Amino acid sequence: MKRFILISLMVVATLVAGLAPPALAQEPGKQIPVLVDGQPVTFDAPPVIQDKRILVPFRAIAEALNVQVDWDGNTRTVRATDGKTSIRLQVGDRTAYRNNAPRGAQLQIVRDRFTRFAKLLSSQLQAAGLHLTLTLHAPNSVYKGYDYKGLGAIADRIIIMAYDYGAIPEPVSKVEEAVQMARVVVPPSKLVLGISAPTETATSILGKVGIAKRYNLGGIALWRLGLVSDAMWEALRTSVVTRRL
C-alpha cells in the first residue's frame with residue numbers, strides 16, 4: 001500500500017486559524033429570533049436560512065443599529081449611512097459600495113496587505129534559517145481575503161483548511177475542489193491538506209488522505225491533536241507515515 005507523509009507535529013508560524021460556526025438548520029414553521037443589544041427585532045418578512053447563511057431584511061437590522069436607510073425605486077438602489085460610513089447596494093448588481101468604493105477593491109487591498117506582511121515575515125524567518133508555513137481558509141470558502149498565488153511564491157508551505165463546509169463528514173467534492181483550485185497557482189509539493197478531526201470519522205478521514213495522495217500534495221495536517229480518536233489513529237497508521245518538522 002502506498003504510504004504518505006502525515007504532517008501532524010509542527011512548529012510553524014500559523015498566521016490565520018479558526019473554525020466556522022456550526023451548520024445551521026431551520027425548523028419548519030419556526031421563526032428565527034434576531035436580537036440587537038438583547039432586544040428582539042421585528043421584520044416585515046421573516047429571516048430565512050439559505051446555503052448555511054441567515055438572511056434578514058436589511059432595513060430592520062440597519063434601523064435597529066441607528067443607521068438611516070433610503071430606497072430609490074427608480075434605480076432600485078438602497079443607501080444606508082450612520083453619518084460616517086455609507087453603504088450602497090443595487091438590485092442586480094453583485095458589487096457593494098462602501099463610501100463609494102467597490103468592496104472588490106477593498107478586498108484586493110486586504111489581500112495585498114496580507115501578502116506584503118507574509119513577504120516581510122518570510123524574509124525575517126529565512127535570515128534566521130527558519131521556514132514559513134501559512135494556514136489559510138480554503139480558496140472555495142466564504143473568505144476570499146488571500147492571494148494564493150502570491151502567498152504560494154512566498155511561503156514554504158500552505159495548509160489548506162478544507163473543512164467547515166457545513167456537513168459531517170466534510171463533503172469530498174468540496175475538499176477536492178479546494179485542492180484543485182489551490183494547485184492551479186501553488187506547487188502541489190507546497191500544499192498540505194488540512195483535515196478537521198471533529199468533522200470526520202475513522203472511515204471518512206481516509207478519503208481525505210486519498211485526495212492528498214491523488215494530487216501529490218506535500219502531506220496532511222490534522223486539526224487538532226487531542227481530538228483525533230483512537231479509531232482514526234488506527235486507520236491513519238495503515239495509510240500514512242509521520243515526521244516531525
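All of the numbers you see were taken from the coordinates with simple rules; none came from a lab. Given the structure is predicted, the values throughout are model-derived calculations rather than measurements. Cβ: placed from backbone, ideal geometry, glycine included. Neighbour counts: every protein chain shown.
Using the Kirkwood radius over Cα pairs, work out the Stokes-Einstein diffusion coefficient for the chain at 25 °C and 0.890 mPa s, in µm²/s as a whole number.
The calculation lands on 118 µm²/s.
Going down the list Lys119/Lys208; Lys174/Lys208; Lys30/Lys174; Lys119/Lys213, which pairs span over 22 Å between their C-alpha atoms?
Pairs exceeding 22 Å: Lys119/Lys208; Lys30/Lys174; Lys119/Lys213.
Would you report the distance distribution of C-alpha pairs in region 35-101 as whole percents per 10 angstrom bin, up to the bin with the largest distance?
18, 46, 34, 3
What do you get for the angle between helix 103-127 and the principal long axis of the chain? Use alpha-carbon atoms, 0 to 90 degrees, nearest ten.
30
Determine the distance separating the Cα centre of region 88-114 from the Cα centre of region 169-218; give it in Å without decimals.
Taking the Cα centre of region 169-218 as reference, the centre of region 88-114 is 31 Å away.
Placing one identical point scatterer on every Cα of region 200-245 and ignoring solvent, what is log10 I(q)/I(0) from the Debye formula at q = 0.14, 0.18, 0.26, 0.31 Å⁻¹?
The Cα Debye sum returns log10 ratios of -0.31, -0.53, -1.10, -1.40.
If you keep only loop residues by DSSP, which trypsin sites (Lys or Arg not before Pro) in region 112-218 have at most 15 other Cβ atoms within 10 Å of their Cβ?
Lys144
Show me the ranking of peptides 53-61, 67-75 by mean Cβ neighbours inside 10 Å, starting with the highest.
Sorting 53-61, 67-75 by mean packing, highest first, produces 53-61, 67-75.
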